[in-house]
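Everything on this sheet refers to the single structure shown next.
The values are calculated or read from the model by the stated rules, or taken from the named source; none is laboratory data. On a predicted model such as this, the values are computed, not experimentally measured, just so you know. Note that each Cβ is placed from the backbone with ideal geometry, even for glycine, and that neighbours are counted across all protein chains shown.
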Amino acid sequence: MMFLERLLHNCLLYGDKTAIEFVDGPVATYGQLEENVLRAMVYLQAKGVVAGDRVALQLPKCAPFVYLHLATMRLGAISLPLNTGYPVHELEYFLRDAEVKLLFTDATAQPIVSPMMAGLPTLQEAIFLDAASDGAFAELLAGCDPAEAAALSLPADAQATCLMIYTSGTTGRPKGAELTHGNLTANLDALHAAWGWRADDVLLHALPIFHVHGLIVALHGALHAGATTIMLPRFDPERVLQTLCDRRCTLFMAVPAMHRRLVNAPDAAGYDLSHMRLLTSGSDRLPDDLFRQFTDTFGHTLLERYGMSETCMLLSNPLDGERRVGSVGRPLPGVEARIVDPETEQPLPDGQIGAVQVRGPNVFKGYWRQPEKTAAAFTPDGWLRTGDLGLREPDGYFTLKGRSRDLIISGGYNVYPPEVELALAEHPAVAAAAVIGCPDDEWGEVVTAVVVLRPAAAATADDLVAHCRGYLVNYKIPRRVIFVDDLPRNSLGKVQKAVLRQQLCPQHKPN
Ligand code: MLC
């Protein structure tokens, strides 16, 4: 059964049960969820949305986001969730590249979005919602009769794209990873089986919902199971701990930077989480000390799993059985993973470090209108090159050992150095810039800019940070700026980032 069909089935089966409760906000039963999704479908149809169209959602965590996202996919169109923090420069790029037809954004974004509309011919309309007000959205949908959409059949083509998540690469601008109905279904079925999702689960949701982790693994996971989701508008460690206790939640998912804040919260060990069933960690490597500190503090062993935007989830430690420190576990049902020699791409024996490649029905269709980049992402026999390095142990557990691609992970967000380097290069005082990730206890890695100034030019670290804020979302802004006379380069003129990391990162350990 495809995901949207299962969701509809759950809406009929659990009509009076709470599907999503926004803390300090609205509550929707499964019955109300279905009704609002149908209304949103009628609204979108009236705006001319048809199968294949891109609908961008740049909204905070709110009920309208959920209804519009599900309605878009159910019409066979493509949902494009966007970080609310994107400055105009990034937002405009996504809207142009994806040829977005409709944009839903917060009312506060009007001064930014309205002036860019004229330059975006495919953007038919931007709809400004007061996301904080329940009334505003209800008013928008008031004239929409759910019965009109109820008669529509569910999307039947498993190969059709339903979700696009932008992710960058080692070169160039971000690319839209196209996930299909079949991808989501395969992943949710696998996670359902692997993590024992149940209809009586209560998930506390504190992640952003514009990425795979918060949107697919957490929110869709709960909807797929017929479970209840309690939504916190943002992550706050004490509020998380208090809500887990008060609401007797059974499930919680987070990135390591969040788990670090939980164990360091005042009187963390005083919260009784004994009723909880499962706490997971992902989007970044879980440090060994944090894995142990979490168990010591809360009496629960974190379940670490591994995934990426292009694939959703790939590997997971087990629900029952050993959750191995430092390991991301074994492939999920239906997923194949292998370790190959990075040069020859021939499989390596267990225990040897090589490139991680994966295959399975969860693996994305390709990058939006980028056939060359899509082809380059796969081997000729269809394995996706993840860009991560790792090893497989004889009992099938995988351990990640670094990255072959030039990627920084800060607080669970991916940062691609070329994007930050391009932004720095726009500053008139910058002659050259290289961006590296330095290990950091709080964030995992911090974005560090190594900059050569033009002769006689003057700029301070604060100047460059302020400049970057005009181009990049907050988590991509360099936290450290180091000025140097020259960048180390190889004989081809390429900056030797390994040398920079070695010289400039205080806690750097080579792979
Ligand atoms: C916030 N800031 C960050 C940052 N998050 N800087 C670097 N890296 C980050 N990840 C900035 C803020 O803008 C602010 O800057 C300063 O840090 C302090 O802010 P804060 O209030 O302490 O941070 P907060 O808003 O609480 O955010 C921290 C966080 C957040 C951990 C809650 O980073 C977060 O939600 N991370 C989750 C990311 C995620 O969902 N990834 C999933 C990707 S999917 P200033 O200068 O303005 O003061 C994926 C696939 C998979 O990867 O496998 O899951």
The correct count of residues that are of a type in the set (G, A, S) and over 18 Å from A149 (Cβ atoms) in the range 20-51 is 1
Only one residue in L424, L389 is under 26 Å from M253 (Cβ atoms) and away from the ligand (no atom under 14 Å from the Cβ). Which one? L389
Can you find even one residue in the range 81-94 that is part of a loop (DSSP other than H, G, I, E, B) and without any contact (Cβ under 8 Å) to a residue 40 or more places away in the chain? no
Please pick out the residue among D189, D236, D145 that is at pLDDT 95 or above and over 21 Å from the mean Cα position of the chain (by Cα). D145
Got a number for residues in the range 15-51 being in a loop (DSSP other than H, G, I, E, B) and either crowded, with 19+ Cβ neighbours inside 10 Å or free of Cβ contacts under 8 Å to residues at least 60 places away in the same chain (or both)? 4
Among the residues in the range 393-402, are any away from the ligand (no atom under 16 Å from the Cβ), touching a Lys or Arg at 6+ places or on another chain (Cβ under 7 Å) and in contact (Cβ under 8 Å) with a residue 60 or more places away in the chain? yes
Looking for something among the hydroxyl-bearing types (S, T, Y) and assigned to a strand (DSSP E or B) - is there at least one such residue anywhere in the range 279-297? yes
Output the number of the condition that A193 fails; it satisfies all remaining conditions of (1) within 14 Å of the ligand (Cβ to nearest atom); (2) surrounded by fewer than 24 Cβ atoms within 10 Å (Cβ to Cβ). (1)
Scanning the range 260-294 residue by residue, the ones that are surrounded by 15 or more Cβ atoms within 10 Å (Cβ to Cβ) and farther than 30 Å from E178 by Cα total 15
So, in the range 239-278, exactly how many residues are more than 22 Å from the chain's Cα centre (by Cα) and either in a strand (DSSP E or B) or among the aromatic types (F, W, Y) (or both)? 1
Scanning the range 474-495 for residues that are of a type in the set (K, R) and more than 16 Å from the ligand (Cβ to nearest atom), the one modelled with the lowest pLDDT turns out to be K494
Determine the pairs where a residue that is on the phi > 0 side of the Ramachandran plot, located within the range 217-245, has a partner that is polar (S, T, N, Q) and away from the ligand (no atom under 14 Å from the Cβ) with Cβ atoms under 8 Å apart, the partner being 6 or more residues away or on another chain. G226/N10
Given the residues T167, T161, which is the only one that is within 16 Å of the ligand (Cβ to nearest atom) and among the hydroxyl-bearing types (S, T, Y)? T167
Residues in the range 441-457: is at least one under 16 Å from E90 (Cβ atoms) and touching a Cys at 6+ places or on another chain (Cβ under 9 Å)? yes
Can you confirm whether the range 451-473 contains a residue that is part of a strand (DSSP E or B) and within 14 Å of the ligand (Cβ to nearest atom)? no
Would you please name the residue that is nearest to Y271 (Cα to Cα), looking only at residues in the range 203-261 that are within 13 Å of the ligand (Cβ to nearest atom) and of a type in the set (F, W, Y)? F235
